[in-house]
Amino acid sequence: MTVSKILKQIIDSKTTKNLVIGQIGLGSIAKLKEWVTLLAHQQEKLTLKIFADINEASLTLLTDKELSELLCPQGSVTLAAIEGCQRVIVNNGKLTIDFYLGPYLTQLQALPMVSDGFVDGWHINSDAEQTQITQPLFWQLAKLSKNDALLSLDEVLSAEQCQSLYSQAKQVGFLRFAGSVVENTQSRDDICFQERAAMRSQSQALQAPYPICSTASAAHVSQSIAIIGGGVASACLALSLAERGQHVTLFCEDHALAQAASGNKQGAIYPLLTPDNNTLSQYFQQAYLFSLQRLKSLAAQGHAIDFDLCGVVHTGHDERSRKRVAKIINGHSWQPSIAQAITAEQATNIAGVKVADGGIFYPMGGWVSPQDFTQAAFNQAKTISDATLKLNTQITDIHYKDGSWYLDSNTETFGPFKALVVANGKSITQFPQTQYLQATGFRGQVSHVPSRTKLSKLSSVLCAHGYMTPSNNALHCLGASYVKNAGNTDYCPNEQVENLHKIQHSYVGQDWVEDIDVSGHSARVGVRMVTRDHAPMMGPAPDLDSIMDLYQQHQLTPQSRNYWQNHNAPVHQGLYVLGGLGSRGLSSGPLAAEALAAQICGELMPISRDFVALLNPNRMWMRKLLKGKALEIAAEA
């Protein structure tokens, strides 16, 4: 069957507004373009989930310029050959394409489970690696599928291949195949459906310490959702929710958006990598790619955003840091589009100024104006859904009543809201429900220096002991200071000089450094919230009072570890946290926001189950409880 006929058969039989199609193998460029073209013209929200190997054929397809331009205007889609999910959003969220790269079974098993099957149909392409299409794989497809999901096969497959695949599919309960109905509902194998339900329950049990909580009774039901905040993450969350048709109200205590930590003139955007490419490093790569797509997509849609993806040159500044940089770049086989090892000569050529050390080059990175990014994201949210901004509104208290959240300011009460997201940066711990969240405020002063003759040649972001950006509006940004629990955000002359010294220390003896002049006392101070493990916080707000009550009964024994492993950790119903973004919020925040929007709306998140655990606001305490260690909330905060 042709792609159009397969799609029509799935659409005609679907019972919900949200259509989800899974695909094994990328297929040809022509066929993928046909999928995208057909899906992009549908009126309702559609999702295409593509599972593909990382090989030469997939790399050629994923970097195809025509495909990139089809997915987004001006070819703004950026995909890389890394394992995991890379999300592309087309047509204001009407079409979402998730590319899952890596072994099929591994990627399917890593998906965080929603309550029921959600895939309406699967298509297996002829380029799918046949040795990977096994009975365990079909069980995973069945687990994720609705009971009446359709299965279609590429018409290029041989009759023998089709017969084998259909046989395996029937054994796990698939009833409907493209072009025919193999069995009717009266003769279906209910045992297979019971097995599917059991597999879903097992997957959900694995998530118990870090539960996934939706507020929607059904996917894509419009709800009234409140966000407290005003930075990049808040605005990106508003956009992600707007793309799902939600009614969003953003409460910001300042006179305009991006006046706190997101208020710097320029912010560097590049991934946080570790030598062993651990879970944190993997998350940052996927988040970084999503941020780049969000940024370029908003710019392509006409929003005014100052940015330059000129690359980032990362070097050491002393022997210890040089060893650390070398350990990172040599510790893993990074995809060239993510990170490349460079010599001092290459660093100099890229940066446009003399750099004496080699290090790491992030070719897709660069700088962006966080204020512009924030404003663009919220403006786009307003164009596609009911998104309201309430400025100069400081929320002093939040409370839950009769299944809804209410917000109090000094003058009035707002609500009811089905869901509430606390995403207000340095003030994220101000409410009783969030006061023990484990994030610490670090003051950061970013210095602004005029661009001069030699300094003006800087053509990439430099990162060493601090960072420095190419000029924008005749100014460079350098910094930033890092002061824990600072009492104010006033300009500090000492920190201004410290920022200069960091650059001087990083690039000793270089003549262009002499052009850096901080005597104008131009700077900006903000506070970024940092978690101990450097991962953002995203997910339901933990109910620490309930956790401590349970802890009195279940602690410091093998039985207690078993209890915490098998029971959902208590959370505040309908209350979520998005914060702790630290100094890499431009790279990590938009994907965390997209994942949270998906969770609130009852969709499958574009992150793995490991990432759900990594980002969960309750993770620090749960790690101790799962190991049977002592827990003291006050001491942990």
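In segment 243-284, of all residues being more than 17 Å from the chain's Cα centre (by Cα) and among the acidic types (Asp, Glu), the one that is nearest to residue 598 (Cα to Cα) corresponds to 253. Determine, yes or no, whether residue 588 is in contact with a Pro (Cβ under 6 Å, 6 or more places away or on another chain), surrounded by fewer than 17 Cβ atoms within 10 Å (Cβ to Cβ) and not in a loop (DSSP other than H, G, I, E, B). Spelling it out, it is not the case that residue 588 is in contact with a Pro (Cβ under 6 Å, 6 or more places away or on another chain), surrounded by fewer than 17 Cβ atoms within 10 Å (Cβ to Cβ) and not in a loop (DSSP other than H, G, I, E, B).
Sort out which residues of segment 571-585 are touching a Leu at 6+ places or on another chain (Cβ under 8 Å), modelled with pLDDT of 95 or more and open to solvent by 10 Å² or more (accessible area, probe 1.4 Å), and write them in order of number. Full working, then the answer.
Initially, segment 571-585 is screened for residues touching a Leu at 6+ places or on another chain (Cβ under 8 Å), giving 574-580, 584.
Within this subset, residues satisfying the condition of being modelled with pLDDT of 95 or more are 574-580.
Listed by number, the list is empty, since nothing qualifies.
If you check residue 528 against the conditions, is it modelled with pLDDT under 95, within 30 Å of residue 438 (Cα to Cα), charged (D, E, K, R) and buried (at least 17 other Cβ atoms within 10 Å of the Cβ)? So residue 528 fits the description; yes. Taken as a whole, the structure places residue 386 among residues that are open to solvent by 30 Å² or more (accessible area, probe 1.4 Å), at pLDDT below 95 and under 25 Å from residue 232 (Cα atoms).
Residues 425, 415, 403: which one is in contact with a helix residue (DSSP H, G or I) (Cβ under 8 Å, 6 or more places away or on another chain) and not hydroxyl-bearing (Ser, Thr, Tyr)? Before you say what the answer is, go through the steps one by one.
Numbers: 415 fails: in contact with a helix residue (DSSP H, G or I) (Cβ under 8 Å, 6 or more places away or on another chain); 403 fails: in contact with a helix residue (DSSP H, G or I) (Cβ under 8 Å, 6 or more places away or on another chain).
Among 425, 415, 403, only 425 is in contact with a helix residue (DSSP H, G or I) (Cβ under 8 Å, 6 or more places away or on another chain) and not hydroxyl-bearing (Ser, Thr, Tyr).
Only one of 562, 568 is open to solvent by 10 Å² or more (accessible area, probe 1.4 Å) and in a loop (DSSP other than H, G, I, E, B); which? Testing whether each residue is open to solvent by 10 Å² or more (accessible area, probe 1.4 Å) and in a loop (DSSP other than H, G, I, E, B) leaves just 568. All conditions in (1) crowded, with 21+ Cβ neighbours inside 10 Å; (2) under 27 Å from residue 539 (Cβ atoms) hold for residue 150, with the sole exception of (2).
Considering (1) farther than 25 Å from residue 362 by Cα; (2) touching a residue at least 24 places away in the same chain (Cβ under 8 Å); (3) not small (Gly, Ala, Ser); (4) not in a loop (DSSP other than H, G, I, E, B), the lone condition that residue 517 does not fulfil carries the number (4).
Mind checking whether some residue in segment 241-254 is farther than 25 Å from residue 529 by Cβ, among the hydroxyl-bearing types (Ser, Thr, Tyr) and at pLDDT 95 or above? No, the conditions are met nowhere in segment 241-254.
May I ask you to verify whether residue 105 is without any contact (Cβ under 8 Å) to a residue 60 or more places away in the chain, of a type in the set (A, V, I, L, M) and open to solvent by 30 Å² or more (accessible area, probe 1.4 Å)? Quick ask: steps written out before the conclusion?
Numbers: without any contact (Cβ under 8 Å) to a residue 60 or more places away in the chain: yes; of a type in the set (A, V, I, L, M): yes; open to solvent by 30 Å² or more (accessible area, probe 1.4 Å): yes.
Yes: the conditions hold for residue 105.
Screening residue 543 with (1) more than 25 Å from residue 627 (Cβ to Cβ); (2) surrounded by fewer than 22 Cβ atoms within 10 Å (Cβ to Cβ) gives one miss only, at (1).
Looking only at segment 237-244, decide whether some residue is charged (D, E, K, R) and either over 15 Å from residue 374 (Cβ atoms) or surrounded by fewer than 20 Cβ atoms within 10 Å (Cβ to Cβ) (or both).
Filtering segment 237-244 down to residues charged (D, E, K, R) leaves 243-244.
Filter once more, so that each one left must be either over 15 Å from residue 374 (Cβ atoms) or surrounded by fewer than 20 Cβ atoms within 10 Å (Cβ to Cβ) (or both): 243-244.
There is at least one residue in segment 237-244 that is charged (D, E, K, R) and either over 15 Å from residue 374 (Cβ atoms) or surrounded by fewer than 20 Cβ atoms within 10 Å (Cβ to Cβ) (or both).
Does segment 203-211 contain any residue that is touching a strand residue (DSSP E or B) at 6+ places or on another chain (Cβ under 8 Å), surrounded by fewer than 20 Cβ atoms within 10 Å (Cβ to Cβ) and not aliphatic (A, V, I, L, M)? Looking through segment 203-211, at least one residue is touching a strand residue (DSSP E or B) at 6+ places or on another chain (Cβ under 8 Å), surrounded by fewer than 20 Cβ atoms within 10 Å (Cβ to Cβ) and not aliphatic (A, V, I, L, M).
If you check 632, 594, 603, which single one turns out to be under 16 Å from residue 207 (Cα atoms) and not hydrophobic (A, V, I, L, M, F, W, C)? Write out each step before concluding.
Details: 632 fails: under 16 Å from residue 207 (Cα atoms); 594 fails: under 16 Å from residue 207 (Cα atoms).
Sole residue among the options that is under 16 Å from residue 207 (Cα atoms) and not hydrophobic (A, V, I, L, M, F, W, C): 603.
Residues of segment 255-278 include at least one that is within 27 Å of residue 78 (Cβ to Cβ), out of contact with any Cys (no Cβ under 8 Å at 6 or more places or on another chain), in contact (Cβ under 8 Å) with a residue 24 or more places away in the chain and of a type in the set (Asp, Glu).
Taking segment 73-123 as the range and being among the small types (Gly, Ala, Ser) and closer than 30 Å to residue 175 by Cα as the test, the residues that pass are 84, 102, 110, 115, 117, 121.
Could you check segment 460-497 and list, in sequence order, the residues that are part of a strand (DSSP E or B), among the β-branched types (Val, Ile, Thr) and more than 27 Å from residue 346 (Cβ to Cβ)?
Let us first name the residues in segment 460-497 that are part of a strand (DSSP E or B), namely 461-464, 466-468, 472, 475-479, 483-484.
Now restrict to residues that are among the β-branched types (Val, Ile, Thr): 461, 483.
Hit for segment 460-497 is 483, nothing else.
Against the definition (in a helix (DSSP H, G or I), in contact with a Cys (Cβ under 7 Å, 6 or more places away or on another chain), open to solvent by less than 10 Å² (accessible area, probe 1.4 Å) and farther than 15 Å from residue 210 by Cα), how does residue 606 come out, yes or no? Judged against the criteria, residue 606 is not a match. Residue 35 meets the conditions (1) closer than 30 Å to residue 200 by Cα; (2) open to solvent by 50 Å² or more (accessible area, probe 1.4 Å) in every case but one. The failed one is (2). The number of residues in segment 57-94 that are modelled with pLDDT under 75 and open to solvent by 60 Å² or more (accessible area, probe 1.4 Å) comes to 2.
Restricting segment 123-146 to residues that are among the hydroxyl-bearing types (Ser, Thr, Tyr) and over 20 Å from residue 31 (Cβ atoms), the residue that is most open to solvent (accessible area, probe 1.4 Å) is 131. Scanning segment 537-550 finds one or more residues that are over 29 Å from residue 594 (Cα atoms) and acidic (Asp, Glu). Only one of the numbered conditions (1) closer than 24 Å to residue 281 by Cβ; (2) modelled with pLDDT under 95; (3) under 22 Å from the mean Cα position of the chain (by Cα) is not met by residue 605, and that is (2).
The values are calculated or read from the model by the stated rules, or taken from the named source; none is laboratory data. As the structure is a computational prediction, the values presented were derived from the model and not from experiment. All Cβ positions, even for glycine, are placed from backbone atoms using ideal geometry, and neighbour counts span all protein chains on display. Keep in mind that these areas ignore ligands, DNA and RNA; they rest on the heavy atoms of the full protein, side chains included. Shrake-Rupley method; radii C 1.70, N 1.55, O 1.52, S 1.80 Å.
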